Protein chains: 6
Amino acid sequence: MRPSSRPNDALRRVTLTRGYTKHAEGSVLVEFGDTKVICTASVDESVPGFLKGKGQGWVTAEYGMLPRSTGSRMRREAASGKQSGRTQEIQRLIGRSLRAVVDLGKLGERQIQIDCDVIQADGGTRTASITGAFVALHDAISGLIAQGKLQESPIRDFVAAVSVGVFEGRPVLDLDYLEDSACETDMNVVMTGSGHFVEVQGTAEGVPFSRAELDAMLRLAEQGVGELIAIQKAALAG
Amino acid sequence: MRPSSRPNDALRRVTLTRGYTKHAEGSVLVEFGDTKVICTASVDESVPGFLKGKGQGWVTAEYGMLPRSTGSRMRREAASGKQSGRTQEIQRLIGRSLRAVVDLGKLGERQIQIDCDVIQADGGTRTASITGAFVALHDAISGLIAQGKLQESPIRDFVAAVSVGVFEGRPVLDLDYLEDSACETDMNVVMTGSGHFVEVQGTAEGVPFSRAELDAMLRLAEQGVGELIAIQKAALAG
Amino acid sequence: MRPSSRPNDALRRVTLTRGYTKHAEGSVLVEFGDTKVICTASVDESVPGFLKGKGQGWVTAEYGMLPRSTGSRMRREAASGKQSGRTQEIQRLIGRSLRAVVDLGKLGERQIQIDCDVIQADGGTRTASITGAFVALHDAISGLIAQGKLQESPIRDFVAAVSVGVFEGRPVLDLDYLEDSACETDMNVVMTGSGHFVEVQGTAEGVPFSRAELDAMLRLAEQGVGELIAIQKAALAG
Amino acid sequence: MRPSSRPNDALRRVTLTRGYTKHAEGSVLVEFGDTKVICTASVDESVPGFLKGKGQGWVTAEYGMLPRSTGSRMRREAASGKQSGRTQEIQRLIGRSLRAVVDLGKLGERQIQIDCDVIQADGGTRTASITGAFVALHDAISGLIAQGKLQESPIRDFVAAVSVGVFEGRPVLDLDYLEDSACETDMNVVMTGSGHFVEVQGTAEGVPFSRAELDAMLRLAEQGVGELIAIQKAALAG
Amino acid sequence: MRPSSRPNDALRRVTLTRGYTKHAEGSVLVEFGDTKVICTASVDESVPGFLKGKGQGWVTAEYGMLPRSTGSRMRREAASGKQSGRTQEIQRLIGRSLRAVVDLGKLGERQIQIDCDVIQADGGTRTASITGAFVALHDAISGLIAQGKLQESPIRDFVAAVSVGVFEGRPVLDLDYLEDSACETDMNVVMTGSGHFVEVQGTAEGVPFSRAELDAMLRLAEQGVGELIAIQKAALAG
Amino acid sequence: MRPSSRPNDALRRVTLTRGYTKHAEGSVLVEFGDTKVICTASVDESVPGFLKGKGQGWVTAEYGMLPRSTGSRMRREAASGKQSGRTQEIQRLIGRSLRAVVDLGKLGERQIQIDCDVIQADGGTRTASITGAFVALHDAISGLIAQGKLQESPIRDFVAAVSVGVFEGRPVLDLDYLEDSACETDMNVVMTGSGHFVEVQGTAEGVPFSRAELDAMLRLAEQGVGELIAIQKAALAG
């Protein structure tokens, strides 16, 4: 039995609250159970130096956790003067995941900067971030279209992410903190609306995992991402 | 007329939501109109090195803004590798203000770490932070008493803060962003429940101000802080 | 009785030595008793990026203390790799105070960089710095006029600063280190030659202070700054 | 046809030169074709703070590239003052991969520090690093056994890594730089001698990849790692 | 007797392996006995900001040691976030030494960046670096001539370096680590092919040294550099 | 003719003002002509970690320049967040030079920290710093003896330093800024009272220098240091 009593193939309750803060071009509060992340998309009408004059845009991301989003207080990265390796890994993953579904040529010479800030953590902050950030990005791009700055959307497909793992010997979907800290294997899977893979990152925390376990985890992820994309579509239709 | 149509001596709508996030010993969302700050208080059963073995506690604070809490995106301080001078000024002010009403000897050899994170900014983030942080601190200390770790409260008095300024020639209370960016003088006043001053920080942004203007601003601050402390008391009674 | 036996409303001996070092466009050694600060003004015929092409100038300041300007050696900030929050607060205060009396439009597209370096500290280094820096700035601007680079002076008024506090229950003027480290309240007041306020920064170190104490401190500050401005005028006439 | 004319399932020439430098307890030059990495293992008879007194050891890794190991010179990380996100990702991956096959309890309270320094890069530096680092680690542990500091080896299994990808529509094994910079999908797979997975990290650089492509890449990786572990065994027997 | 049994005036075995790595315009492995340094020269068709538009080129150098190039592991400078004072001294010395024999005007508006990375240290890494870097620089410049980017060589003379010292009371040439860590005086001498001095850096580690000792060390250095330049010439002819 | 009209073998006017600031255990203003440096010696009754429990003391030094000690303003190192390579070289040189004449065993387990801060620069700041720092160190040690903390002085000899160079083809003593910036060769020589060498650091700025020039510079340095040590003795007797 999972600590949360969920079936092995059940997501936590997922909500996407659009327009969560007032300044950003896209602003979404994403909740995967008790994990809560504010995702904003900011439009910048210029591009980083390495893209100047190339006729294409860019999507990038930054990630942070409030110091007391976690059970015991973490050191504030702004105070310690650098972002941890974990933070950098996550923000690079978010950026790559979103760029995989955006036609950067069609975006034009502008950058969309995503910020994912965890205000409460209970496992799965990176997959919640990707799932919420896509909706914030979508809202920012809809704004550009509404203003006439874009004629057609550069978004090619939906993208969402979920974690899967092997917990007490059984594959489970969408790990919360209790599962995440105890599981043998943890895998984050990012997929598109058409069912293709953008990222697969599996790590054996303890015992290495077999090909059969890998296959079972991938099947759960395919199902979970499908449900998440349905939730994204409902939120955007709302 | 003020941009918000408020009377010169009117606060914005102020709310204090306790228990806003689940992990911290005290967690408060404070709203001064559209300014929203998450204030958490974390209990650490040790003290900084300079207080080891001295039989007293410590209260300290850190402050941050989400990159897109503002109208245009600010650089993330964790990414730029240092906290700005403004950030450091504000977090030092929050810490001093709270320590002014805490008997550090009675707190015992433990530290309470305050984190104030602005999720939406519309002027007055430092005064909202102090006002909300006091309630988070109060909740954390109530928890210590409930657990039997403290016999009596080390809190000696309430403390709250408000900004006042001279806007288009007239003293006004609780400046929002539109007023703050246009006013001639900006003053932040931190006061206790018994009507004494903890901090007075007035700055002429443009024209230096007269003693008469200073006196008028102090009167508005005395009134405003009185109202804020009433709101704190109501929240703690709730 | 004050440790120095001074009357409550007496400044320490204040001297301003112009032309203290040979390279800077303005160079002043300011002494408030045993507090000694070298203030230089350096003219830079360009402006920071955010002012390029705006037809106005800028005045900014940096502050430092020699490691052994104090009773026990402080860590060298260049070696520790960052300026403390206190240093940043002080240098921001010096810059704002000077800009309050300079017509930046009349200064033209150039920057005057102030450096205040404490070679011996005995309390009141920030107020001595502002008082001395104004004279260094004045000399640098006189040099620009003499060279024909400016037709008229952009300086609108004098500016000086003094600390006041409540020491053993009584308001006192111009605290030295013994008073500063023991006082209940410490306030730094920056005022112009015409008697207006540029900055008022009061902090209750221990017991919060009453409105009556605040008023008494402000009266002392008004008197003290008046005397300091007379000393500045004498130095510039010398 | 692959740029190197290799069959799709062929590794580059792989060599492992033990005892490459004289100071380290384990020192291996690993070559995957033109990719050359010096891997050293240093024994430290103490553990990091978080493990003190826990009766177990630790294995950690750092990674770097000589500035001109690449086609155009990269900035030296020591000079720029920080390690890139990519560097941190890779060194965390190397450390996790090695820890997955070491019984940290049996290692005792000591740390083995791995350093992987790329002296010439041609794609696959992280998989070469893991493959070479395992041999350096093995040599360091053999030394501890020879000195009587360990009674039995804490190494539970072999571990090696290889990259696979989809290049011009076809799954290929062990990408060199030309393939790596042009491929649609790049996956790094870390496996044990018993054929289980330690890490699977797949990224769609361009077009998201299908489940069928993922399965084909995994099959190539299983074969390739098997060959690499045979090479490790031969090197250790040599 | 020296620890290595060498005569007092004997160099260690010195080898210069050109074309050591494949990407750099010049790439040399220099060995002074067990001291091994990879020296690369990278051509950059631009100059640093302070030389833009001045019609001349630049030669600069960076230096590093692999963490386990030494008997006990050193902290990785990229991880600690800064280069030590020793590293900076050495790389400044290498740069100055090479610039002393290059006509920067004839080099044209381009920069040659030298990297010296120690893969195994046994004393004399800075003198080996200079000696090897000259050959890498020479190869890079020969390449520019071969490509028609330069009509004539800007190299005016050869340059090489050697250490000398007073070990157990006697002047000795080319100190290895055992001598270096025990000697009373250590001097590094950089000279040209025509027998002139570029740098002389002598330090009394223990007892200050006499003028007679200084003269004896200089004589050994003159002889040793002569031999090193012969080895450079042979390598370039090879 | 030298720009200053001094004979080739003449020092500038050198003064040593003891007791220059009031807090430090030793405090000396040293002037070599227009070069002015405040040298303080601070006694710290503990030693750095690497010397704990070894029964010996330490002498170390830091160096800095006020931003406008020079003709054009330099960036403040505390603001830029790091010390330049030049600063580190100089402070390491000062520390080594002083340690060469101190019996660290006799000093006991305490550290003397030297700070050399240039308030006005006109060439030769490092040699002036060494010469002044020795006197500050001597005063600090005399204080320890007077307090009974030391029975006998750990100072074994005097030490002073001077620059020599080749200017317009002729060897000259004690270069000022005009000479220093134009000379072909610049050498700093640190010597003891008994005429032995502690450091010899010669650099060809332009044309490499001959052995004859080196010998001539050494002779000038021997004479100059002799005169400086006489001035030190007179100051300490004063």
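Per the conditions (1) more than 14 Å from chain E (Cβ to nearest Cβ); (2) aliphatic (A, V, I, L, M); (3) under 19 Å from residue F:96 (Cα atoms); (4) assigned to a strand (DSSP E or B), the sole criterion not satisfied by residue F:135 is (4).
Apart from one condition, residue B:229 fits all of (1) surrounded by fewer than 23 Cβ atoms within 10 Å (Cβ to Cβ); (2) within 21 Å of residue B:89 (Cα to Cα); (3) away from chain C (no Cβ under 12 Å); the exception is (2). Selection within region D:99-109: residues that are within 12 Å of chain A (Cβ to nearest Cβ) and either in contact (Cβ under 8 Å) with a residue 60 or more places away in the chain or touching a Ser or Thr at 6+ places or on another chain (Cβ under 8 Å) (or both). The member of this set that is farthest from residue D:142 (Cα to Cα) is D:100.
Determine if region C:99-118 includes at least one residue that is part of a strand (DSSP E or B), farther than 29 Å from residue C:50 by Cα and touching a strand residue (DSSP E or B) at 6+ places or on another chain (Cβ under 6 Å). Within region C:99-118, one or more residues are part of a strand (DSSP E or B), farther than 29 Å from residue C:50 by Cα and touching a strand residue (DSSP E or B) at 6+ places or on another chain (Cβ under 6 Å). Filtering region C:158-198 to residues that are within 14 Å of residue C:214 (Cα to Cα), without any contact (Cβ under 8 Å) to a residue 24 or more places away in the chain and within 14 Å of chain B (Cβ to nearest Cβ) leaves only C:186.
The residues on offer are A:111, A:88, and the sole one that is surrounded by fewer than 24 Cβ atoms within 10 Å (Cβ to Cβ), of a type in the set (S, T, N, Q) and farther than 28 Å from residue A:222 by Cα is A:111. The set of residues from region B:143-178 being of a type outside the set (A, V, I, L, M, F, W, C) and assigned to a helix (DSSP H, G or I) comprises B:143, B:177. Restricting region F:73-84 to residues that are of a type outside the set (A, V, I, L, M, F, W, C) and under 15 Å from residue C:42 (Cα atoms), the residue that is surrounded by the most Cβ atoms within 10 Å (Cβ to Cβ) is F:76. Scan region B:119-132 for residues that are more than 11 Å from every other protein chain (Cβ to nearest Cβ) and part of a strand (DSSP E or B) and the total you get is 0.
Considering only residues in region B:74-98 that are without any contact (Cβ under 8 Å) to a residue 60 or more places away in the chain and closer than 18 Å to residue B:136 by Cα, the one that is nearest to the other protein chains (Cβ to nearest Cβ) turns out to be B:92. Taking residues in region E:220-237 that are in contact (Cβ under 8 Å) with a residue 40 or more places away in the chain, and partners anywhere that are outside any helix (DSSP H, G or I) and among the charged types (D, E, K, R), the pairs with Cβ atoms closer than 9 Å and at least 6 places apart or on different chains are E:220/E:9; E:220/E:174; E:223/E:9; E:224/E:9; E:224/E:174; E:235/E:18; E:236/E:18. Of all the criteria given as (1) in contact (Cβ under 8 Å) with a residue 40 or more places away in the chain; (2) within 18 Å of residue A:79 (Cα to Cα); (3) among the β-branched types (Val, Ile, Thr), the one not satisfied by residue B:130 is (2). The set of residues in region E:13-72 being among the aliphatic types (A, V, I, L, M), assigned to a loop (DSSP other than H, G, I, E, B) and surrounded by fewer than 23 Cβ atoms within 10 Å (Cβ to Cβ) consists of E:47 alone. Filtering region C:93-108 to residues that are among the charged types (D, E, K, R) and surrounded by fewer than 19 Cβ atoms within 10 Å (Cβ to Cβ) leaves C:103, C:106. Only a single criterion out of (1) polar (S, T, N, Q); (2) at the interface with another protein chain (Cβ under 9 Å from one of its Cβ atoms); (3) under 16 Å from residue E:119 (Cα atoms) is not satisfied by residue E:35, namely (2). If you go through region B:200-218 and keep only what is in a helix (DSSP H, G or I) and either touching a residue at least 24 places away in the same chain (Cβ under 8 Å) or crowded, with 20+ Cβ neighbours inside 10 Å (or both), you end up with B:213, B:214, B:216, B:217, B:218. When region A:138-163 is filtered for residues that are closer than 30 Å to residue A:10 by Cα and of a type in the set (A, V, I, L, M, F, W, C), the ones remaining, listed by number, are A:155, A:158, A:159, A:160, A:161, A:162. Does residue A:26 satisfy the criteria of being modelled with pLDDT under 95 and either farther than 30 Å from residue C:84 by Cβ or facing chain B (nearest Cβ under 8 Å) (or both)? When the stated conditions are applied, residue A:26 does not pass them.
The values are calculated or read from the model by the stated rules, or taken from the named source; none is laboratory data. Keep in mind it's a predicted model, so treat the numbers as computed, not measured. Reconstructed Cβ throughout: ideal geometry from the backbone, glycine too, with neighbour counts over all protein chains shown.
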